[in-house]
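Quick note: the coordinates plus some simple rules give every number you see, no bench work behind them. These figures come from a predicted structure and were not determined experimentally. Positions of Cβ are backbone-derived with ideal geometry, glycine not excepted, and every protein chain shown enters the neighbour counts.
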Amino acid sequence: MSELVKKSIAVFAQPFNVPGFDETLPPGEYDIETELFSPPDCLDPNSWKASVTLKLHSRASHPGLARTLTVSLADLDDALAKDKLTGKDLAELFLEEMLADPMVRLVMEADGVSEIQLRHLYSGGQATQAKETEPVSSPGDNEQQENSSIQAAENEGMPTKGE
């Protein structure tokens, strides 16, 4: 426990709101301090929750007044996620980062899952079977048919999606 507080910077590109605070905060850099461990004077360390102190910009009406705001780590993460994707939720940020990962793309390709199916799944809908969305093959698609035959042979004996 050599360091109780970690100092860092949060950067917002657009105005943002934090739950429980009625002021819209302007874009810019904000110094933040995160308590990594419960304070030594805390009576019940198990009930302690991580919090972040956000050093707010001073107002034009009170230029010398230093203000701070203590928020939960989850609320700050949510505000940063919405800012990063211009107002989208944290789940959408997760989906975008997941789809940007080349390893995820390879797994999706191997499983025959499209980006549209994942977006539909994360939007609250049900994913459709890949066979329903595949176009009808033309006579020139022999290579694709051969690849699907090889894949079917490789997966022989494996449980199907319905099982």
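Worth pointing out:
- Stokes-Einstein translational diffusion, segment 1-72 - Kirkwood Rh over all Cα pairs, 0.890 mPa s, 25 °C, in µm²/s: 177 µm²/s
- Separation between Cα centres of segment 1-74 and segment 109-124, rounded to whole Å: 37 Å
- For Pro19, the shell of other residues with beta-carbons less than 13 Å away shows a net charge of -4, using +1 for Lys and Arg and -1 for Asp and Glu.
- Loop GluC sites (Glu not before Pro), segment 3-43, which have at most 15 other Cβ atoms in a 10 Å radius of their Cβ (DSSP): Glu3, Glu23
- Taking the number of Cβ atoms within 10 Å of each Cβ as an exposure proxy, the fewest-first ranking of Thr70, Thr24 is Thr24, Thr70.
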